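The values are calculated or read from the model by the stated rules, or taken from the named source; none is laboratory data. Please read these numbers as outputs of a predicted model, since none were measured by experiment. Cβ: placed from backbone, ideal geometry, glycine included. Neighbour counts: every protein chain shown.
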Amino acid sequence: MEASTDSMKNPVMANIRAEWDWVKEGVEEVISTNSYATFRPEDIYASCLTGESALWVCRPDWFVVSTIEVDQFNGQKTFLIWLSWTRERGNGVASDVWPFFEMVAKESGCDMIEVRTEHKKVGEYIERDLGWDCQLIVFSKTLK
């Protein structure tokens with residue numbers, strides 16, 4: 001896949017069927033490296049196929065899957081970057097597209113934009129380089 005210069009900074013919403021061959025590889029990698037991930041690749045596929053989530057192609061070999069969550073108590077909408085993957089890491093490639101996702105979140109009527117990760121370096125990058133605030137850290141213990 002060859003991304004245009006425009007899709008380098010302005011991701012394009014993509015068809016999960018057309019992109020699945022390479023996207024599945026990234027989804028599987030994310031699942032295998034994140035203990036919090038309870039979903040399967042098929043869940044991502046189905047969610048994008050039904051329109052519950054959106055697949056955004058940002059660069060060659062880089063994608064984001066987003067969804068909108070609604071707080072059951074106060075009705076606030078959160079634009080959740082559910083999944084993000086790229087072959088090229090550590091070069092700050094995300095900083096070019098975050099303004100785009102913030103704009104999409106606002107246009108979607110969302111009150112917040114959110115990323116969840118257990119990777120501390122990702123969290124540090126989001127805070128330091130992108131100006132985000134850490135609002136919640138979740139600790140858990142599996143009981144047997």
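General observations
- From Arg89, Arg59, residue being under 22 Å from Gly131 (Cα atoms), among the basic types (Lys, Arg) and out of contact with any Lys or Arg (no Cβ under 6 Å at 6 or more places or on another chain): Arg89
- Contacts under 8 angstrom Cβ, first residue in the range 42-56 being among the acidic types (Asp, Glu), partner surrounded by fewer than 19 Cβ atoms within 10 Å (Cβ to Cβ) and at pLDDT 95 or above, 6 or more apart: Glu52/Thr67
- Inspection of the range 29-38 identifies no residue that is on the phi < 0 side of the Ramachandran plot, of a type in the set (A, V, I, L, M), within 12 Å of the chain's Cα centre (by Cα) and at pLDDT 95 or above.
- Residue in the range 26-48 that is loosely packed, with under 14 Cβ neighbours inside 10 Å, part of a loop (DSSP other than H, G, I, E, B) and touching a strand residue (DSSP E or B) at 6+ places or on another chain (Cβ under 8 Å) present: no
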